[in-house]
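The values are calculated or read from the model by the stated rules, or taken from the named source; none is laboratory data. Keep in mind that this is a model prediction, so the values were computed, not measured. Here the Cβ positions follow ideal geometry from the backbone for every residue, glycine too, while neighbour counts run over all protein chains shown. We work out accessible area using only protein heavy atoms, side chains counted, and drop any ligands, DNA or RNA first. Shrake-Rupley method; radii C 1.70, N 1.55, O 1.52, S 1.80 Å.
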Amino acid sequence: WEPFPVEDLLELLQDFDVNQLPSPKNIRSIILGAAKAEFLTKPFMALMKIRQGMGQFWGAVTQEEVTALYDLSNPTASLVVASLQAFPLDAKEDAVTRWLKRYLVESGDKMSSKFLRFATASDVLRPQ
């Protein structure tokens with residue numbers, strides 16, 4: 001066991017308002033506490049402020065409407081193909097576009113989702 005760099009760790013933990021001196025016995029709990037604050041508490045508080053700022057909007061939104069929005073964003077083969085925007089300039093490019101669309105439809109939703117992530121770096125579609 002090589003001792004961890006306490007000075008570097010203290011500097012890092014200072015950003016998370018950690019007031020404990022880290023030791024090999026408590027380092028796990030300190031890091032888990034900082035991670036919980038960073039990945040759970042901070043986003044939750046931000047979302048609560050957004051929700052508060054939206055006033056009564058969320059009171060009128062039903063669970064079915066939220067589910068429908070997720071369904072529109074879920075990449076299926078037909079939705080991915082419908083969202084493709086290709087402007088072929090010649091017969092060869094047109095053929096490639098048709099082959100790509102045919103491939104995506106025939107390969108199914110899982111492959112279409114992978115293609116979407118490859119092409120856009122996202123695994124959700126923008127509802128149209």
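Modelled label positions at residue 124 and residue 110, each set 7 Å beyond Cα in the direction of Cβ, lie 2.3 nm from each other. Spatially, the range 18-60 and the range 80-100 are offset by 46 Å when compared through their Cα centroids.
With all protein chains kept in place, the per residue accessible area of the range 1-126 amounts to 83 square angstrom at a probe of 1.4 angstrom. For the range 59-76, putting each phi into the Karplus relation 6.51 cos²θ - 1.76 cosθ + 1.60 with θ = phi - 60° gives couplings of x, 8, 8, 8, 5, 5, 5, 5, 4, 5, 5, 4, 4, 5, 8, 6, x, 9 Hz, in residue order, rounded to whole numbers and with x for Gly and Pro. For the chain, lysine pairs with C-alpha atoms less than 20 angstrom apart, excluding pairs fewer than eight positions apart on the same chain, total 5. The modelled label-to-label distance between residue 12 and residue 76, using points 7 Å beyond Cα along the C-beta direction, is 4.6 nm. Which label belongs to the value computed from this structure, given these candidates for percent of Cα pairs over 25 Å apart: (1) 12; (2) 15; (3) 58? Of the labelled values, this structure produces (3).
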